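Derivation of every value follows stated rules applied to the coordinates shown; laboratory data play no part. Because the structure is a prediction, the values reported are computed rather than measured. With ideal geometry, Cβ positions are generated from the backbone for all residues, glycine too; neighbour counts draw on all protein chains shown.
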């Protein structure tokens, strides 16, 4: 029998048979003996977490005025992060569309560069009124801005008498303040329509995110909370399952264990490998994991010093090597090499993995089926010399 590699699962795993089947499938690809280490029955009771998810629209009817109020708040918050409008300035797509709508020859060169007086007055009025819009002034999509400009231009041309529709091209001025009033009303109408449309889209996205990401996120939080309170009990389970293979494994420097760990399992592995009485670890491969993030937020103790903001935290020699995988869209996957340094002066090796098209929104569990995971396990379990300054591949 070759040296066994122990695999520690992460959050939300409540089916030991399914986890064992996953490890067996991975073992067939890796070509090494992989031993599943299951602790999910000690995790959070997540049977009813869906009850804590807010309803889509908090009981409100989906009307243009009330459609998914939480989503409209989310949309407003997202748009408020964009740069606000500059008084007296208009986005180029909006300005060009207004001129084109009021003066079709504007882009044809037929007018020798002269401007339409009507277009000038419309744009001057728009520049004054644009900052008062709630949604449109925060938009930067060229198509939306262009369509808005064309709608304003059409409103102006269609409202005037047919024989005077293009009087502005001949130098005639619009009648009294009706133009300003028309633009203000039409802009307010377009702003409400834009807000309702964006609210519907964001509402659907928000609803999808809640129900696709919500259960995974809440299970993650639940297991983290349980682990913080019952760390010793979970560590004891890991020790117990390693000892079932060989009681000497991990107990001494001359009997270290290789570990593979997903998500919170990586936190468990690092905590155990750096404890005052450590689990001696020859090589650690983590994926979608949070040890660095947790240590920055709440120093883990054991043999680890807090991060001071200057130099990486030196890991004890009980953790010999560390490879860390992460996916760009996995919000629960973090890098390790900028926070930690190994005792021999090398750094953990952070390896970004490509996102698969079939992973969906919740990419945190997609690692298990990636061929890159099997390759990384094979590579990480071989003793290889690394450049002390090499942090990321």
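If the chain between residue 14 and residue 193 were fully stretched, how many nm would it gain, using 0.36 nm times the residue separation less the Cα-Cα distance?
Taking residue 14 through residue 193 to full extension adds about 59.8 nm, to one decimal.
Using a 10 Å cut-off around each Cβ, can you sort 219, 14, 47, 185 from fewest to most neighbouring Cβ atoms?
Going from sparsest to densest Cβ surroundings: 47, 185, 14, 219.
What's the exposure ranking of 262, 235, 382, 255, going from fewest to most Cβ atoms within 10 Å?
Values: 262 26, 235 17, 382 8, 255 13.
Ordered from fewest to most neighbouring Cβ atoms within 10 Å, 262, 235, 382, 255 come out as 382, 255, 235, 262.
So, in nm, how far is label residue 305 from label residue 158 when the simple model puts each one 7 Å beyond its Cα toward the Cβ?
Computed distance between label sites residue 305 and residue 158 equals 7.2 nm.
Only counting other Cβ atoms within 10 Å, I'd like 33, 274 sorted with the fewest neighbours first.
Lowest count first: 33, 274.
How high is the FRET efficiency between residue 331 and residue 372 when r is their beta carbon distance and R₀ equals 25 Å, given to the nearest 0.05?
E(calc), rounded to 0.05, equals 0.85.
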